Amino acid sequence: MNDIEYKQKISEALQRFQSGDLSKNAVHLLDVLGYRSDNQIDLDSNHPDAFFAEYDQQGTLNRDKLLFADWDSIDLLFQLTGDDLTLSNQRGWRFDSNVKQVDNTIIESYLFFALQLRNDNYTRTQLSQITREINKLFPMPVMLLLQHGQTLTFSIIDRRLHKRDESKDVLEKVTLIKDIDFSDPHRAHIEILFDLALEQLHKTHSVHNFVELHQAWAKTLDTEELNRQFYHKLFDWFEWAVSEAKFPSTLSIEQHVIRLITRILFVWFIKEKHLVAKEWFVRSEMDKLLKNFGKSDYYRAILQNLFFATLNTEMKHRQFSPQKRSGHRMFSKYRYRSLIANETRFMELMKQTPFINGGLFDCLDSEEATRDSGYRIDMFSDPDPIKYPAARRKAWRELHVPDDLFFDEQRGLFPLLKHYKFTVEENTPIEQEVALDPELLGKVFENLLAAYNPETRETARKQTGSYYTPRPVVDYMVNEVLVATLAEKCQPTNGDMAYWQERLRYLLNYESIFDDANELFEEEEAEGIVRAIAEIKVLDPAVGSGAFPMGILHTLTLALQRLDPDNKRWEALQQRTRENKGRCGI
């Protein structure tokens, strides 16, 4: 079976979830991926109460975090062991089930469960909490297939030995292949599952034991690697676009293409929130909407109108510019009416898009920006016929961005973007979705800006302020500034400042989130930290994408979750604050 046939088989296995028994469909999908076992444990019932009666007799699990009220059924599919993997592989490669520990990880088997949830949509955090709570019951990793509505989520968890007590495991990051539409699986989800197939993992990573298998899963689902792969393919498109497109303005062609990529990527992200009509990126739809689709009208009549007269214009002001225009000042009105075949449909699709109050979609055809050259920068307006001669106006009309740059099946930008799953939720160190998240925007912009002119990359970055800080660096700087701030604002009971900073650093460390933090702090210390958090004010003058303020917000939330999981200290503090304001007449 070749790769195309294998991916088709995975797609068919996913489509089986539209009907029939969840557990049978799940076992079949795992079998297609090469994971099969006869070590099945049938409970008397797959009712959620039977699961708790069997595995949580002490009642230790948090049913709120489990969203227990939403459970319809839960099935233990099978326990996968090293012997199963040796028997199930088709190429005769050796799997050594005697190797149990590598580095700080011990894995001897996997458990696979299938859980049916009642509602259609769940957040990444909700699904991660369910995964983490169920894993507390078992000494080996539990992998979950969760069905909710017409979608399926595959949830994988990391675990390691406790740093201070090796008799315990610490549950770490949860990775989700989220919202797989089994009626029409996304191409990216098919590719991810294909890469996770047992035979494919062995080809890529040479897996010989359970720990290596788990590490291979982690590498395959690594979002950093996903970002790198995407950027390399996007850079290939960037070079092709630079060679094919023509923007007659004072900016370089590279600058125009970078601006175009950044705008389209932003639009693609908000499309995931259904804020932009998906029809704009479908060839068959554009073939009906544009009179001469296939030449170079798509950029003018669709993208420019979307960028400058829709995303950058309040709904009440959206309209076509008059036929007789006075100069170039109409750059916030729809243009290119003559290129559009169905104006009613055009307006219907544009109405689905909200006004975005940001500078990314500002049209740069302003008087100030073009005073000396006479050229429009974004070229979404007409030069003044009196001020500028006919030769200058003719040069402006030479704008040329071929439709194939966007729609070509082999090299086009939209087929490339459709190859990947996008999410508007930024990943954290403790939970991630295997998808491209908004952090990608900063990486792409800075890397492209540097790449198009390596000799002046630093100058270009300084001139535009285009510095993207990688997430690990943001996390480090956030932790250090918060440790210093909290150490200054609240004091330890024993006066040992070195140990105090060490404990604060541990409190703010995502890697330690699932260890008990309360045991490290006296009651007075914990209350002091909560009070200090409430008083912290954050200022980032060069806010950019907001990575630092958001990083601080997430880290402070983490600290409160660990120190005050029931919000009792926080609520008491807020109550005292309200009472004090009342007494002061505020």
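Bear in mind these aren't lab numbers, they're just calculated from the coordinates by the rules spelled out. Here the structure is a predicted model, which means the values were calculated and not measured. When we count neighbours, we look across all protein chains shown, and the Cβ atoms used for this are built from the backbone with ideal geometry, even at glycine.
Full extension of the chain between Asp83 and Gln319 gives 78.2 nm of extra length, using 0.36 nm per residue less the Cα-Cα distance.
Packing, as the average of other Cβ atoms within 10 Å across residues, places the peptides 490-498, 290-298, 207-215 in the order 207-215, 290-298, 490-498, highest first. Rounded to the nearest 0.05, what FRET efficiency do Lys203 and Asn2 give with R0 = 22 Å and r taken as the Cβ-Cβ distance? Could you check? Between Lys203 and Asn2 the formula returns 0.95.
The slack in the chain from Phe138 to Leu539, taken as 0.36 nm per residue of separation less the alpha-carbon distance, amounts to 139.9 nm.
Work out, step by step, the length gained on full extension between Arg187 and Ala50: first 0.36 nm times the residue separation, then minus their alpha carbon distance; give nm to one decimal.
On the way: separation 137, 0.36 × 137 = 49.32 nm, distance 3.70 nm.
Contour length minus Cα-Cα distance gives 45.6 nm.
For segment 1-79, a simple Cβ point-charge model (Lys and Arg +1, Asp and Glu -1, everything else neutral) yields a dipole of about 300 debye relative to the Cα centre. So if we plug the beta-carbon distance of Leu360 and Trp570 into 1/(1 + (r/R0)^6) with R0 = 45 Å, what FRET efficiency do we get, rounded to 0.05? Plugging the Cβ-Cβ distance into 1/(1 + (r/R0)^6) gives 0.75.
Given labels modelled 7 Å from the Cα in the Cβ direction, how far is it in nm from Tyr510 to Lys9? A separation of 3.7 nm, rounded to one decimal place.
What is the calculated FRET efficiency for Leu553 to Arg16, with r their C-beta to C-beta distance and R₀ = 60 Å, to the nearest 0.05? Could you put the intermediate results ahead of the total?
Values: r = 42 Å, r/R0 = 0.70.
About 0.90, to the nearest 0.05.
Taking 7 Å steps out from each Cα toward its Cβ at Ser252 and Ala341 produces label points 3.9 nm apart. When peptides 344-353, 128-137, 30-39 are ranked by their average number of other Cβ atoms within 10 Å per residue, the highest-first order is 128-137, 30-39, 344-353. Label-to-label distance, Gln491 versus Thr123, with points set 7 angstrom from Cα along the beta-carbon direction: 3.8 nm.
Pairs from the table (Lys24/Lys219; Lys333/Lys443; Lys418/Lys443; Lys9/Lys178; Lys295/Lys316) lying more than 22 angstrom apart at Cα are Lys24/Lys219; Lys333/Lys443; Lys295/Lys316.
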